Every structure is written in structure tokens, then in C-alpha cells.
Amino acid sequence: MNHDDLNHWSKRAADWASDYHRNLRNRPVRAPLLPGAIARQLPATAPDAPEPMEAIFADFERIVPPGMTHWQHPRFFAYFPANAAPASMLAEQLANAMACQGMLWQTSPAATEIEQVMVGWLRGALGLPAGFVGTIHDSATTATLSAILTMREQALGFQSNISGMHGKVLRIYASAQTHSSVDKAVRVAGIGQDNLVKVATDDSFSMRPDALDAAIRADLALGMLPAGVVLCAGGTSIGAFDRIGDCIAVAKAHGLPVHVDAAWAGSAMICPEFRALWAGIEGADSIVFNPHKWLGVQFDCAIQFLRDPGPQVKTLGLRPSYLETAGREEIVNFNEWTVPLGRRFRALKLWFTLRAYGLDGLRARIRNHVQWAQASCTALAALPGVKIITQPILSLYTFALADDAQTERLLHRINDDGRIYLTQTLHEGRYVIRVQVGQFDCTQADVMMIAQVVAELIGD
Ligand SMILES: Cc1ncc(COP(=O)(O)O)c(C=O)c1O
């Protein structure tokens, strides 16, 4: 296969993609398969001789789509959808064609500079104050890991990268509503799961600022080293928001840096009416949100805003001679802001998406999703036997039947049925079903089908 063949097959792939998207509603959202069903269809070893693309493409059509859970299905209400608006897909195709590696400014000047401008556009769109800069990571997990590694280095005077932690016990504070990426980060950073203090929450499942203060003081009294606070702006489980401003005030009183995880809910802040949910955000040192969730920018694309990139670059930046850019020592090389060296050109899809839909178009989608989530919650609440466990926070709510076993059986029936896709969480020890509205192409009718499907399957 050469570039002339690629031209032909790209057109064929574009036709296939257009049919796929047009007919998505006719497919079950979740792959109706048992483990091993796909692997069994592939030979055990790689071919020695080249194979014709016709055969490869035919196998793709036969094996892959039926083996997929369809993330772009308009009735995907699980997790948070990883959206891919058509304009962002187009940008990804162009980025793929150039297949650059944007580790340094000089390895792809446009990738670095468009990234800087896009971070600025999004800072303004979310209503964050001038002064925040930032970068694009693959995932919120990497952004949170970068922030926690930076907290570790700051707490230890930037010495632990060099000489280790010398038995120092660092403490990071977060509520139990934060995502498991925070747990992973403290593990990977060598701080240790036991040193992630899960601070008590109030009736709204928001971190209690007085409990945060008490936890920090107790650790100081024991000679431990508080290193930073991670706040939750839209938890994955039920959408909890910490009281951002109040908790930041406590952290600042103790001189601690604050990272805010707004992975899915952050996009909603392009609508000014939702910003009260994260009031005080301007005091954060680091904020992550995923345009690959609610802004429709194809996975992967996580933005980390930083009040001052200095400590993170000091923590993660390495400049061996083979990565130097002679005569331009001050230039921004984004690999120094993150964990991996190699970087894809992710800014291009942001540029295309923000221009093709405009902030107004994206705001309209988010507002619709919030409104339709509320309407579907009301419809579900009217069904006999259904109890709403947590009310909608933006576009996320949870419900359950009388006991865990019944709720779990209902969830299996829903997902085997395939018209909609929902997932579960544990809330206060109870098995509940999450409903998260956020798919880029979903309509009101798609969202209202949730109550219809539950009504049909509840009694089975
Ligand atoms: C609140 C929150 N934080 C972090 C993550 C992890 O995101 P990523 O897959 O980008 O690492 C998620 C994923 O859904 C999330 O909802």
C-alpha cells in the first residue's frame, strides 16, 4: 500500500464512516458479545506475505463494528460519552495525514502555537481569569498525575526527583467523590494510597472545608507533610461538586497548592449560568477538563490550566542535549509540561471544533442536555418502583429499584436490550444506575427513550 492507494482507501473509509454514522441508531449501543468472540476470529500469528487491502477492509467490516460498543451512538448514556463531532474527526484526519510528533516547538511549530492559542480561547470561554496558561494532555488522568507529581516536588523543595523521598510522609487531600485517577496518581507518585486523605463531605457530598482544615492540622501535629488538595468539580459517580472557593481558602491558609478535577463538568462552564457550581475556581493552581467529553472534541483531549507553569515544568521538564533547540532556550516545549515526551497534534481538532460549532452552538447542546436530563429524570420518577437516588447535577442523576439485586438485574436487561446504554455506581453503599446525558448528537427523543425502555423492562 502506498500513498496513491491511501487516497483511494481514505475515500472508501469516508463512505463507510458516513454510512456507519447514519445507521448508528439501528445498532445496539453495547457490543452484545461474550469475551473472546473477536479474538477467536483472528489468526494466531501475523502474516508473512502482504495481504490485499480489499481483504483487510472486508475483514474490518465483518469483524470490528459488531464487536464495538458504539461511543458515538446517540443513546449512549453511560460513563461520560467520549464525543467526536464531525469537525473534530476531520481535523484528526488531517493531523493523521501529517502524522507529526509535537514534543518540541521546532518539531511542529504550528502544533505548539495553535495549542497555546486554543488554551487561551478555552480559558476565556470558561470564564477563567487572564493569566492562566496551560497545555493539552491525552487524559485527565495524566493532568492529575502531573499536578500531584508537582505537589510532591514542591513539598520536598524539588529534591525528591533527584534523591528520593527519604521516608517523608506526604499527604494529599480529596473527598471520596473524586475520581480514581487521584488514587492512581498518589500511588504512581510514590506518595501511597494510605496518604490520600479522604476528607469528610456534607449532605451534598461536597468536601467540608472545616474537615479539610482539621485533617491538615491533625497531620501537621503528627509530623506529616501536607502537599496539596485535589477538589472535585463534577464527580464521576453522582456529579458532586466540592465547595471550591471555601476549600481553596483553607488550602491557601496552609500554603498548599490546589488542583481541580472538572473532567466532564468543566465544559458546562462555557455557559455562565453554571459557573456558580465552581465559584472560587480562580484561586486554583491547576484545573483539568476534557473537551473530549462535553465539547465534542474527538478523544483524546484534556486541557490542564495552570496559574504558573513554573513548578510543573521544573518537576517534569528534562532537556538532554538531543532535545535542545539551539538559540531558542526560552521557547515553550510542551513535553516539559507533561509525562510523555511524544505528543500528538491535538490542538487542531479543538481549532476546527470551536470554529465549526461556535461557542453558541456548543452552549446550546449543553443546555439541551441539562434540560433533557431533568425531563427524563421526572419521567423515570413517575414509574412505579423507581426511586431517584440523586437528583440531576448538570446532566447526571442516579436511580434504583427496591434493592441492589433488582437494580442490577434491571441494568443487565437494559444493556442486553441495546437501545440505550447505562452504567452503575455505588452510592452510600447502594448499587444505583447512573444516567449521564452528554452525547453530541443525541436528541430529546433519544433521551426520553430512557424512561420508555425502563418502563418496558422493569417488570421482566
Ligand atoms: C471526574 C473525572 N475525572 C477524571 C476522569 C478520567 O478521565 P480520563 O479518561 O481523561 O483520564 C474522568 C473520566 O470519566 C472523570 O469523570
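In whole Å, how far is the Cα centre of segment 1-58 from that of segment 386-435? Comparing the Cα centres of segment 1-58 and segment 386-435, I get a distance of 34 Å. For the listed peptides 254-260, 189-195, a ranking on the average number of other beta carbons within 10 Å per residue, highest first, reads 254-260, 189-195.
For every other residue with a beta carbon closer than 14 angstrom to the beta carbon of T315, add +1 if it is Lys or Arg and -1 if Asp or Glu, then tell me the sum. Don't skip to the end; give the middle numbers.
Working: positive: R152, K314, R319; negative: E153, D285, D308, E336.
It works out to a net charge of -1.
Computed from the Cβ-Cβ distance with R0 of 56 Å, the FRET efficiency linking S10 to R187 stands at 0.85. Working note: Karplus 6.51/-1.76/1.60 with θ = phi - 60° gives segment 320-337 the couplings x, 4, 6, 10, 6, 10, 4, x, 10, 5, 8, 5, 6, 10, 5, 4, 6, 9 Hz, where Gly and Pro are set to x.
If we count every other residue with Cβ under 13 angstrom of R75's Cβ, Lys/Arg +1 and Asp/Glu -1, where does the sum land?
+1
What is the local net charge at C271, summed over the other residues whose Cβ is closer than 13 Å to its Cβ (Lys, Arg +1; Asp, Glu -1)? Around C271, the charge tally is +2.
Summarising the amide proton neighbourhood of I238: residues at separation of 5 or more, or on other chains, whose placed amide H is nearer than 5 Å comprise an empty set. Packing here is the average count of other Cβ atoms within 10 Å per residue, and on that basis the peptides 360-368, 413-421, highest first, run 413-421, 360-368. The slack between L341 and R275, meaning 0.36 nm per residue of separation minus the straight C-alpha distance, is 20.3 nm.
Summary value for segment 185-284: 25 percent relative contact order, contacts being C-alpha pairs under 8 angstrom separated by 6+ residues. Annotation: the antiparallel percentage among DSSP beta bridges lying fully within segment 218-295 is about 10. Stokes-Einstein, applied to the Kirkwood radius of the chain over Cα pairs at a viscosity of 0.692 mPa s and 37 °C, places its translational diffusion at 138 µm² s⁻¹.
In percent, how large is the relative contact order of the chain, given Cα pairs closer than 8 Å and 6 or more residues apart?
22 percent
Extending 7 Å from the Cα toward the beta-carbon at both A200 and A445 defines two label points whose distance is 5.1 nm. Remark: relative contact order (segment 358-457) = 30 percent; criterion is Cα-Cα distance under 8 angstrom and separation of 6 or more residues.
Indicate, rounded to the nearest 5 percent, the antiparallel portion of the DSSP beta bridges found entirely in the chain. Numbers along the way, then the final one.
Values: 24 of 40 bridges.
Bridges in the chain that DSSP calls antiparallel: roughly 60 percent.
When shorter helices are ignored and each DSSP H run of at least 4 residues is given -39500 (n - 2.57), the per-residue value for the chain at 222 nm works out to -13000 deg cm²/dmol.
In this model, which of K184/K314; K252/K293; K314/K349 are farther than 27 Å apart at the alpha-carbon?
Cα-Cα > 27 Å for K252/K293; K314/K349; rest within.
Please grab the % of Cα pairs in segment 93-352 that end up more than 31 Å from each other.
Working: 7826 of 33670 pairs.
Here the long-distance tail beyond 31 Å is 23 percent of all Cα pairs in segment 93-352.
So how do 93-101, 349-357 stack up, highest first, on mean other-Cβ count within 10 Å?
Details: 93-101: 13.3, 349-357: 21.9.
Those peptides, ordered most packed to least, come out 349-357, 93-101.
Extent along the principal axes, Cα only, for segment 358-457: 45, 28, 21 Å, with the longest axis given first.
Rule-based calculations on the coordinates, nothing more; no lab input. Keep in mind it's a predicted model, so treat the numbers as computed, not measured. Note that each Cβ is placed from the backbone with ideal geometry, even for glycine, and that neighbours are counted across all protein chains shown.
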